[in-house]
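Enquirer: Let me give you the structure first, and then I'll get to my questions.
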Amino acid sequence: MAIISFTNYKRGQTTGCMGAVMRYTMQNKKTKCDGQQLVTGINCQPESVYADFMTTKRLHHKTDGVLFYHMVQSFPKGEAVDPVTAHAAALKLAEYYEGHEVLVCTHTDREHIHSHFLINSVNFDTGKKLHIAKKQLQELRQRNDQVCVEFSLPVFKQTDRKEKTKTMSIGEYHTAARGQSKKLQLMNIINDCMRHTSSQEEFIALMESEGYKVRWEAARRNITYTTPGGWQCRDRLLFGEKYLKENMEYEFRIREEIIYGRAVEKESSRADGTDHAAASGAGADTASRSASHESGVGGSAEQPQHAGVPRRETDRLSEEGQRTA
């Protein structure tokens, strides 16, 4: 069956981090399939998902602590999984979070099909906060198994170690021997995450959501990455000085200065009650574009527009009243 896992934000959550994860998971290039984008909002709209989450939090006066849960449903590597079916199964599984806004994004750009779930921690009906304990995790896993059976999705199989593997070509052999395959894949993931983050904490969170562990400590000279397969690599072994710890830290200092400057400029003209952290989340794309030009890491962020499952009209009118209040 598909594996269910949660991304652990050890350094805490911020509105900026929440916005960064939303932008990252909704990327067009990651969610495209046969001319459509596998992005759906449940009780929210993808194009306004950040505002929808924050409106619910402000409505119930719960804007701190755990802001969202980030769940990933992953299918076996190498299995023939139809992305559209996987997305439909993800939407079915998301029904577990009744009364919560959920953003579901199915990624098709990796060797295995997987879906990201961003769940608002605050229930928009009751105002209660969601808590995922051992009992809830067990319920989710059981429901996930049922959904996979219902949608005829593949089951994990034990690997036969004696099974004959495909013969490598000479070029493939030398590339693998030099370790470039793993390094290039790691560099691509780092570049992608850098395009959508404005701080070290956000970057680490996105890397972890893709299954990569990041050891980034002040007392250590290098950043150490661990891939989902367990392979470790230090920043100095990657191709380019932009990946070095000191250059990455310098990059994030620039981005934070840009975002803080934007917040100060707009503070006097902003009358909707949006706090600085929310402005930081909304302005991270601009920071990424400007700062990336400085160091060569990352690039321009995408601004996808997707159709979602609308919330009840009565709730929407209630929200609009809160915004104008």
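The values are calculated or read from the model by the stated rules, or taken from the named source; none is laboratory data. Only a predicted model underlies this, so the values are computations on that prediction, with no experimental measurement involved. When we count neighbours, we look across all protein chains shown, and the Cβ atoms used for this are built from the backbone with ideal geometry, even at glycine. In case anyone asks, the SASA skips ligands and DNA or RNA and just uses the protein heavy atoms, side chains included. Shrake-Rupley method; radii C 1.70, N 1.55, O 1.52, S 1.80 Å.
Enquirer: Share of segment 33-152's accessible area from carbon and sulfur, percent, 1.4 Å? List each step's numbers first, then the result.
Expert: Values: 2450 of 5160 Å².
Solvent-exposed carbon and sulfur of segment 33-152 make up 47 percent of the total.
Enquirer: Could you order the peptides 103-113, 141-151, 33-43, 211-221 from most to least packed, using the average number of other C-beta atoms within 10 Å per residue? Please report the intermediate quantities before stating the final value.
Expert: Working: 103-113: 21.3, 141-151: 15.4, 33-43: 18.6, 211-221: 12.7.
Sorting 103-113, 141-151, 33-43, 211-221 by mean packing, highest first, produces 103-113, 33-43, 141-151, 211-221.
Enquirer: So what's the projected area for segment 1-76, the Cα convex hull averaged over all directions, in nm²?
Expert: Values: hull surface 25.9 nm².
Averaging across all directions leaves 6.5 nm² for the Cα convex hull.
Enquirer: A follow-up question, please. For segment 1-150, what is the accessible area per residue in Å², given a 1.4 Å probe and the full set of protein chains?
Expert: On the way: 6230 Å² over 150 residues.
Accessible area per residue, segment 1-150: 42 Å².
Enquirer: Under a Cβ-Cβ cut-off of 11 Å, what is the net charge of the residues other than LYS62 that fall near it, where Lys and Arg count +1 and Asp and Glu count -1? Write down the numbers at each step before the final one.
Expert: Details: positive: LYS57, ARG58, LYS128, LYS129; negative: ASP64.
My count for the surroundings of LYS62 gives +3.
Enquirer: How many angstrom lie between the C-alpha centres of segment 187-248 and segment 89-149?
Expert: First find each Cα centre; the distance between them is then 27 Å.
Enquirer: Of the listed peptides 191-204, 74-87, what is their order by residue-averaged count of other C-beta atoms within 10 Å, with the highest listed first?
Expert: On the way: 191-204: 23.0, 74-87: 16.6.
Top to bottom by mean Cβ count within 10 Å: 191-204, 74-87.
Enquirer: So, one more: Nearest 0.05, what FRET efficiency do GLU241 and LYS29 give at R0 = 22 Å with Cβ-Cβ as r?
Expert: 0.25
Enquirer: Distance in nm between label sites at THR63 and GLN185, each 7 Å beyond Cα in the beta-carbon direction?
Expert: Here the modelled spin labels are 4.2 nm apart.
Enquirer: Stretch GLN146-ASP125 to full length: gain in nm at 0.36 nm per residue minus the Cα-Cα span? Numbers along the way, then the final one.
Expert: Details: separation 21, 0.36 × 21 = 7.56 nm, distance 2.70 nm.
Additional length available on full extension: 4.9 nm.
Enquirer: Roughly speaking, to the nearest percent, how much of segment 173-255's 1.4 Å accessible area is carbon and sulfur? All intermediate terms of the calculation are to be shown ahead of the outcome.
Expert: Details: 1880 of 4010 Å².
After summing per-atom areas, the C and S share lands at 47 percent.
Enquirer: If you look at just the Cα atoms of segment 14-120, how large are its Rg and its Dmax in Å?
Expert: In Å, with Rg to one decimal and Dmax whole: 13.9, 45.
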